[in-house]
Structure formats: C-alpha cells, structure tokens
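Asker: Pasting in a structure now, in structure tokens, and then I'll have a few things to ask.
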Amino acid sequence: MNSTRKRELYKKIGVVALPIVFQNIIDAAVNSADILMLNYVGQDAISAVSLANSMVGILFMFLYGIGTGIAMLAAQYYGKGDLKTIEKVEGIGLKFALSIAILGAVACLTIPKTLMKIYTPNEVYIEIGAKYLMYIAPGLLFWAISAVYMSILRCIGKVTTSTVLEAIALVCNVGLNAVFIFGLFGAPKLGVIGVAIATTISRFIQLVGCIVVSLSKPGVVLTFKTMFKRNKVLEKDFFSMAMPAIGNDLAWSLAFSVYSMILGHLDSDAVAANSIVNVVRNLGTVMCYGIGMASGIIVGQILGEGSMEEGIEAGHICLRLSVISGILGGLVVIALMPFTLKHADLTPVALDYLKFMLWINSYYITGTAVNTCLIAGVFRAGGDSKFGFKCDLIDMWFYAVPLGLLAAFVFKLPVKVVYFLLCTDEFVKWPWVFKHFYSHKWAKNITRETAEINEMNHGDGVTGSSEEGPDSK
C-alpha cells in the first residue's frame, strides 16, 4: 500500500477516534468529579459507590457487548451503503439490550443488599451501596436504549453527534451531582442517593437527545417497531457474533468484579485506594478506548466494502496507535500521581496502597490498550468475536481469578502482592493475541445481499450459512 493511502487511513482513523477520545475524556472527568465530590461525604461513601458500580459495570459490559455486536454488522453494512438493514440490526439490539436492562433494574430494586453482600461483608458499605443501586435502577433502562442508538450513530459516520449526546448527559450529571451532594439552590443534601438520582436524570436527558437527533437528522431512525419484527437471517448473524462478544465482555467484567470482591474482603483501605485508582486509570485509558472503538468501526467499514488488504493494513495501523496510546496513558497516570496523593482524603495505609497501585497502572494500561484494540476492535470488525471470548475466559477464569483467590485467601499474601498478581492478566494473553492477529484470519466480509436477507427471512425458515457468517466476497 502506498504512503498516500496510508496517510488517508491514519486520517480516517483519527476522524473517528478523536471524538470518541473526547467523549472518554469527558466521561473520565465526570467520574473524577464524582469522586472528588464524594470525598466531602467521606471514605465510606467513595468505597460503597465503587463497589456498587462493580455490579452496574456488569450490566455496562452486557450493553458494551451488544453494542459491539451491533457494530460488527452495522459498520460493514454502512461500508456497503445498506441503511435499511442497519435499522433491522438496531431493532435486534434494542430487544436484547432492554431485556437485560429490565432484569438488572429489577434486581437493583428488589435485592440491592444481596447484590452488595457479594462484594463486601462491611455493613456500612452494604447499606450505602444498596440505596445507590435502588435509585440508579430506572436510569439503566434509559441507558440501554441510548447505548444501542449511539452505537449505530458511530457506525454510520455520526461519531461527533454521539459524542455531543454523551457530553450533554455527562455535564448534566456533574451539575446535578453538585446540586444533590452539596444541597445547592435549595435542594436537599442527599449524598450518595443524590449521585444515583443525578445519573438517572442525566441518562434520561441523553435518551431525549437521541430521540431529537433521530427525528431531525437523516440516516437511521431510533424506532421500536423493528423490535417486534423477526428477521431470522440477521438474528442468526447477530447472535452468532454478538453472543461471543457479550460472553467475552461478561467474562472480563465479572473477573474484575471478583478482583473488587477480593480487595473488599481483604482490607477497607485497599477498597478506598482502588476506588481512586479506577478514576485515574480511566483518565489514562481515554485514548486507548478511543483507538479500540475506532478500529472496530473503520476496519469493519473497509472490510464491508470488500477491501481485505486495506482492512488488514488498517488493523496494523490501529495496533501501532494502540501501543502509543498505552504508553501515553501510563505517562498520564504518572503525571497525575502527585496531585492524586496530595488531595485524596484517605488514611495513611490507604495512601500507601494508592501510590503502589498507581505505579502498577502506569504500565498496565499498555496491556489494556493493545488487547482492547485487537480483541474488542480489529477482530470483531471482521465478525471474529469467538477468539476473544475463548482467550479472556481462559486468561481471566483459569489464571487471574484463581491466582488472586489463592494469593489472598490461601497463602494470605500482602495486599500489594495480591494486586500485582491480579494485574498480570493483560500480558499473559499477548502471545496468543499477537499470533491470531498476524494470521489475518479475522479479516472477513460478513455482509449479506439484501435479496438474500429478504428471501431467507420469508422463506421456509432455513437460515443457512455457517456461524461465522458468509464468506468474503
């Protein structure tokens, strides 16, 4: 590939990645603001919300998996210029996302204390976290709908629009947090409950924004009609690709929840330190996740056009950018370390843990950046979600989780040693990830012809094709 075309690819990736990076920066800044404001409520509030969000994070990973399942198909169909099929994919995603969100909301409303007991035996944390989960429950439904539609927007070239919608919601979240935590403008001081209410309201505002964009801009409409229309061909393609992606993200997020559970049962100071570390790590990974998401969209669009060689080259470019973003992210963590240690209102023991954990994350982010780009971006762009599922399932549940449990509860190693061992998970899978990437087996065109979709859907119910989707055209 000539240098001119490579420059065009870099530019194309940048156009998609930069708005997503900006969105991630806002998101991370808002999370930082949440922690800073909760700092005035107390260390218990910070720890309880962090543990409660471990449960919410599982739902988030469900929605993220659904979103990437949508993106696998939508990005390639957009490369092909087929918006009608994208609307059908959106309907399938909405149906699945709302089903999961309703289950999550019901659980948060009916058994919040049971959910909190999974992560900690501390009664104070359980009581505070349970209230948080109850008030955030309605927001999960608004979030599910918005997540599906914004995934579609990113795939059809409206990345800036989705970023603006996310920015509006997150800025509202910060403002409302301040109102409800500090009792501004005559509002009651609600503390942790106020944070949950602010999140729910901001997600509702985001959903309203999605509806307004859908009605005012040409493209794919946010509609619930397609939820109730069966399309056996697309449903099979979606589930054969989305289910491994969801399983992958669920295996990953559940493992991280176990990490939080291990720390929660070891030491309350470790929980508080880890809460702060998560915020700083989010600031360090904004570029990493932007590159990862952009790689899935851009590579998918190119493969959907039928350009296999160019899609592979785009994957290699994304890998190089992910390494750079990981290194830069680590430097961000190091740069923020003095400020974080100075202003974190923690006990001396918790501050010592915090410093150690920040140094670990200064290099851990590079592992996250590369794996996110390849497993959740490049591989899924070609419909290859099964490799990531197998890789993370083995790495997290046959290596990292057992290692952490043994280190903490059998050998009773110090907190720092346990944390270090847990943070080896991203690097253990590199040999297999790189081998799969350089095999280029992931580079496939997974789109179908419109006539094929309609004919097979209205035919005798035989939906043909292998689980991997149609062969490259």
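The values are calculated or read from the model by the stated rules, or taken from the named source; none is laboratory data. This structure is a prediction, so every number in the text was calculated from the model and none was measured. Ideal geometry is used to build each Cβ from the backbone, glycine not excepted, and the neighbour counts take in all protein chains shown.
Asker: Take GLY292 and tell me if it is within 25 Å of ALA335 (Cβ to Cβ), under 14 Å from the mean Cα position of the chain (by Cα) and at pLDDT below 90.
Answerer: Against the criterion (within 25 Å of ALA335 (Cβ to Cβ), under 14 Å from the mean Cα position of the chain (by Cα) and at pLDDT below 90), GLY292 qualifies.
Asker: For segment 330-348, indicate whether the set of residues that are under 23 Å from the mean Cα position of the chain (by Cα), closer than 30 Å to HIS440 by Cα and part of a helix (DSSP H, G or I) is non-empty.
Answerer: Looking for residues that are under 23 Å from the mean Cα position of the chain (by Cα), closer than 30 Å to HIS440 by Cα and part of a helix (DSSP H, G or I), one finds at least one in segment 330-348, hence yes.
Asker: Name the residue, out of ALA48, ALA74, that is in a helix (DSSP H, G or I) and touching a Cys at 6+ places or on another chain (Cβ under 7 Å).
Answerer: Numbers: ALA48 fails: touching a Cys at 6+ places or on another chain (Cβ under 7 Å).
Testing whether each residue is in a helix (DSSP H, G or I) and touching a Cys at 6+ places or on another chain (Cβ under 7 Å) leaves just ALA74.
Asker: For a quick check of your reading of the model, give me the residue pairs whose first member lies in segment 86-98 and is part of a helix (DSSP H, G or I), whose second is of a type in the set (Lys, Arg) and modelled with pLDDT under 85, with beta-carbon atoms closer than 7 Å and at least 6 apart or on different chains.
Answerer: Once the first residue is part of a helix (DSSP H, G or I) and sits in segment 86-98, its partners that are of a type in the set (Lys, Arg) and modelled with pLDDT under 85 give GLY91/LYS229.
Asker: Could you list, in sequence order, the residues of segment 200-250 that are small (Gly, Ala, Ser), more than 30 Å from MET396 (Cα to Cα) and assigned to a helix (DSSP H, G or I)? Full working, then the answer.
Answerer: Initial filter on segment 200-250 (small (Gly, Ala, Ser)): 202, 209, 214, 216, 219, 240, 242, 245, 247.
Keeping just the survivors that are more than 30 Å from MET396 (Cα to Cα) gives 202, 209, 214, 216, 219.
Matches in segment 200-250: SER202, GLY209, SER214, SER216.
Asker: Can you tell me which residues in segment 164-191 are in contact with a Lys or Arg (Cβ under 9 Å, 6 or more places away or on another chain) and assigned to a helix (DSSP H, G or I)?
Answerer: Result: ALA169, ASN173, PHE180, ILE181, PHE182.
Asker: Is segment 262-280 home to any residue that is crowded, with 19+ Cβ neighbours inside 10 Å, at pLDDT below 85 and within 24 Å of LEU73 (Cα to Cα)?
Answerer: No, that holds for no residue.
Asker: Of the residues ILE70, ILE111, which is among the hydrophobic types (A, V, I, L, M, F, W, C) and free of Cβ contacts under 8 Å to residues at least 12 places away in the same chain?
Answerer: Numbers: ILE70 fails: free of Cβ contacts under 8 Å to residues at least 12 places away in the same chain.
On inspection, the qualifying residue turns out to be ILE111.
A quick yes/no check of all residues on (1) farther than 17 Å from THR68 by Cα; (2) without any contact (Cβ under 8 Å) to a residue 12 or more places away in the chain:
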residue: LEU140; (1), (2): yes, no
residue: ILE145; (1), (2): no, no
residue: VAL171; (1), (2): yes, no
residue: LEU176; (1), (2): yes, no
residue: LEU184; (1), (2): yes, yes
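Asker: Checking the structure you have, find out if any residue of segment 307-320 is part of a helix (DSSP H, G or I), among the basic types (Lys, Arg) and touching a helix residue (DSSP H, G or I) at 6+ places or on another chain (Cβ under 8 Å).
Answerer: Restricting attention to segment 307-320, the residues satisfying the condition of being part of a helix (DSSP H, G or I) are 308-320.
Applying the additional criterion that residues be among the basic types (Lys, Arg) yields 320.
In the following step, the residues that additionally are touching a helix residue (DSSP H, G or I) at 6+ places or on another chain (Cβ under 8 Å) were identified as none.
The answer is no, given that none of the residues of segment 307-320 is part of a helix (DSSP H, G or I), among the basic types (Lys, Arg) and touching a helix residue (DSSP H, G or I) at 6+ places or on another chain (Cβ under 8 Å).
Asker: Is at least one residue of segment 238-246 buried (at least 21 other Cβ atoms within 10 Å of the Cβ), in contact with a Leu (Cβ under 9 Å, 6 or more places away or on another chain) and of a type in the set (Phe, Trp, Tyr)?
Answerer: yes
Asker: Something else: If we scan segment 42-52, do we find a residue that is over 30 Å from MET243 (Cα atoms), at pLDDT below 80 and either over 14 Å from the mean Cα position of the chain (by Cα) or crowded, with 23+ Cβ neighbours inside 10 Å (or both)? Steps first, answer last, please.
Answerer: From segment 42-52, those over 30 Å from MET243 (Cα atoms) are 42-48; that's our starting set.
From what's left, at pLDDT below 80: 42-43.
When the remaining residues are screened for being either over 14 Å from the mean Cα position of the chain (by Cα) or crowded, with 23+ Cβ neighbours inside 10 Å (or both), the result is 42-43.
So far as segment 42-52 goes, yes, one or more of its residues are over 30 Å from MET243 (Cα atoms), at pLDDT below 80 and either over 14 Å from the mean Cα position of the chain (by Cα) or crowded, with 23+ Cβ neighbours inside 10 Å (or both).
Asker: Which condition does SER214 not pass, out of (1) crowded, with 18+ Cβ neighbours inside 10 Å; (2) within 24 Å of the chain's Cα centre (by Cα), if it passes all the others?
Answerer: Condition (1) is where SER214 drops out.
Asker: Right, another one. Any idea which of (1) under 30 Å from PRO121 (Cα atoms); (2) surrounded by fewer than 20 Cβ atoms within 10 Å (Cβ to Cβ); (3) charged (D, E, K, R) is the one LYS232 doesn't satisfy?
Answerer: If we test LYS232 against (1) under 30 Å from PRO121 (Cα atoms); (2) surrounded by fewer than 20 Cβ atoms within 10 Å (Cβ to Cβ); (3) charged (D, E, K, R), just (1) comes out false.
Asker: Tell me which residues, restricted to segment 364-414, are among the hydroxyl-bearing types (Ser, Thr, Tyr) and buried (at least 21 other Cβ atoms within 10 Å of the Cβ).
Answerer: Across segment 364-414, the qualifying residues are TYR364, THR366, THR368, THR372, SER385.
Asker: Out of VAL124, VAL148, which single residue is in contact with a helix residue (DSSP H, G or I) (Cβ under 9 Å, 6 or more places away or on another chain), surrounded by fewer than 19 Cβ atoms within 10 Å (Cβ to Cβ) and outside any loop (DSSP other than H, G, I, E, B)? Full working, then the answer.
Answerer: Values: VAL148 fails: surrounded by fewer than 19 Cβ atoms within 10 Å (Cβ to Cβ).
Just a single option satisfies the conditions, and that option is VAL124.
Asker: Here's a follow-up. Please list, ordered by first then second residue, the pairs with beta carbon atoms under 7 Å, 6 or more apart or interchain, first in segment 404-421 and without any contact (Cβ under 8 Å) to a residue 60 or more places away in the chain, second of a type in the set (Val, Ile, Thr).
Answerer: Between residues of segment 404-421 that are without any contact (Cβ under 8 Å) to a residue 60 or more places away in the chain and residues that are of a type in the set (Val, Ile, Thr), the close pairs are ALA407/VAL417; ALA407/VAL418.
Asker: Tell me yes or no: at least one residue of segment 25-41 is in a helix (DSSP H, G or I), buried (at least 21 other Cβ atoms within 10 Å of the Cβ), among the charged types (D, E, K, R) and modelled with pLDDT under 80.
Answerer: Yes, there is a match, as at least one residue in segment 25-41 is in a helix (DSSP H, G or I), buried (at least 21 other Cβ atoms within 10 Å of the Cβ), among the charged types (D, E, K, R) and modelled with pLDDT under 80.
Asker: Next question. Can MET357 be described as surrounded by 21 or more Cβ atoms within 10 Å (Cβ to Cβ), over 13 Å from ALA294 (Cα atoms) and more than 20 Å from the chain's Cα centre (by Cα)? Don't jump to the end; show me each part of the working.
Answerer: Details: surrounded by 21 or more Cβ atoms within 10 Å (Cβ to Cβ): yes; over 13 Å from ALA294 (Cα atoms): yes; more than 20 Å from the chain's Cα centre (by Cα): yes.
Against the criterion (surrounded by 21 or more Cβ atoms within 10 Å (Cβ to Cβ), over 13 Å from ALA294 (Cα atoms) and more than 20 Å from the chain's Cα centre (by Cα)), MET357 qualifies.
Asker: Still on this structure, please answer the following. Please tell me if GLY382 is more than 15 Å from the chain's Cα centre (by Cα), under 23 Å from VAL418 (Cβ atoms) and small (Gly, Ala, Ser). Quick ask: steps written out before the conclusion?
Answerer: Numbers: more than 15 Å from the chain's Cα centre (by Cα): yes; under 23 Å from VAL418 (Cβ atoms): no; small (Gly, Ala, Ser): yes.
The answer is no for GLY382.
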